[in-house]
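Here is the structure we will look at.
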Amino acid sequence: MRCDHCQNDAVTFIRYNGSHLCSGHFMSYVERRVKRELRKQVDLSRGSRIAVAVSGGKDSMVTLDLIRRTFGKRRDAEIHCISIDEGIDGYRRPSLDIVQRYCQEHSLPYHERSFAKEFGKGMDDIAPLSGSSSPCTYCGVLRRKCLNSLARELECGHLATGLNLDDTAQSLMMNFARGDVERMARMGPHVKVQPGLIPRIQPLRVIPEKESYLYAMCAGLEFHDGECPYADAALRNQYRSIIDELEKRSPGSKFSILSSYEQLAPMLRDRMPQTDLRECSCGEPTLSTRCKACQLLSGLQ
Ligand code: Q46
Ligand code: ZN
């Protein structure tokens, strides 16, 4: 099959809009949408430094590469790569090595933090103690804490994550099914700046996971394709299959979930204005007296 825009062979067929694209046109199609998101989400008056949370997987490597290509040459912007070693044997180290190589090649500052140093234990110690909760609950909360505190210490105005459209649609449906409307109202990208909380940006939120994978391949990006040994336990997987099934039956469903949310979001924010955050004894912003990370950690002891 030929590309719709040139004589080259198509590398993909995009079901939700019926287009065949060659590698070059596919890459421009992704870049156009990510750049539009960056224009909407980034406000350099908040600070010139952009922290990019990078694990070495395809989504975070694509995010880092596109942010570097968009802001790398600008004098008013500075990119800092931040990575977290959660202490998952055989999984995280090789992926962080890829991130370090990328940063060296492109002369980007690389900062790393580990669960072992921060909390005295890594995920391989925490997982057997997580009881009825998924290890990912601990991993996600502790990782967010490390990323936020590191980005804050670096005085960054934004914290970019590699969340793609599939992740976003899954989170929305999970919160919806659990009746957690308040959490939905607080989902990123953040519009209100809260003291101590570095506003998140999610430039890939409009890019389906498959497209992020294909983009990384077409761009020749090195990324880690391994699966975390604890991934099976994630509740998110149930939502992944439901939404993938929906998308198979009606292409474009993932976009529809996101666009329904975008229409509802201003109303949700009006109904549930963000309460002012307090400061936990560990220094992190929190809604209650102790942050979620401190609560989970004390539960482990
Ligand atoms: S690293 Fe951590 Fe993920 Fe592994 S334990 Fe779960 S949350 S699956 S992105
Ligand atoms: Zn705390």
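A few comments on the model shown:
- Taking the listed residues 281, 253, 260, the one that is small (Gly, Ala, Ser), away from ligand 1 (no atom under 16 Å from the Cβ), out of contact with any helix residue (DSSP H, G or I) (no Cβ under 6 Å at 6 or more places or on another chain) and within 16 Å of residue 170 (Cα to Cα) is 260, with no other qualifying.
- Yes/no for residue 106 being under 22 Å from residue 149 (Cβ atoms) and either modelled with pLDDT of 95 or more or more than 22 Å from the chain's Cα centre (by Cα) (or both): no
- If the condition is being in contact with a helix residue (DSSP H, G or I) (Cβ under 6 Å, 6 or more places away or on another chain) and either modelled with pLDDT under 90 or not in a helix (DSSP H, G or I) (or both), then the range 161-203 contributes 162, 164, 183, 184, 185, 189, 198, 201, 203.
- Condition check for residue 245 on (1) free of Cβ contacts under 8 Å to residues at least 60 places away in the same chain; (2) part of a loop (DSSP other than H, G, I, E, B): one failure, at (2).
- Scope the range 108-143; condition closer than 30 Å to residue 74 by Cβ and within 14 Å of ligand 1 (Cβ to nearest atom); matching residues: 143
- Any hit, the range 74-81, residues being buried (at least 19 other Cβ atoms within 10 Å of the Cβ) and part of a helix (DSSP H, G or I): no
- Criterion applied to 297, 246 was being surrounded by 15 or more Cβ atoms within 10 Å (Cβ to Cβ) and either within 20 Å of the chain's Cα centre (by Cα) or within 16 Å of ligand 1 (Cβ to nearest atom) (or both), and the one residue passing it is 297.
- Considering each residue of the range 46-62 in turn, at least one proves to be assigned to a helix (DSSP H, G or I), in contact (Cβ under 8 Å) with a residue 60 or more places away in the chain and surrounded by fewer than 19 Cβ atoms within 10 Å (Cβ to Cβ).
- Residue selected from the range 282-297 under the condition within 6 Å of ligand 2 (Cβ to nearest atom) and in contact (Cβ under 8 Å) with a residue 12 or more places away in the chain, by the criterion farthest from residue 118 (Cα to Cα): 291
- Residue that is nearest to ligand 2 (Cβ to nearest atom), among those in the range 115-131 that are in a helix (DSSP H, G or I) and within 10 Å of residue 85 (Cα to Cα): 115
The values are calculated or read from the model by the stated rules, or taken from the named source; none is laboratory data. Please read these numbers as outputs of a predicted model, since none were measured by experiment. So basically every Cβ, Gly included, is an ideal-geometry build from the backbone, and we count neighbours across all protein chains shown.
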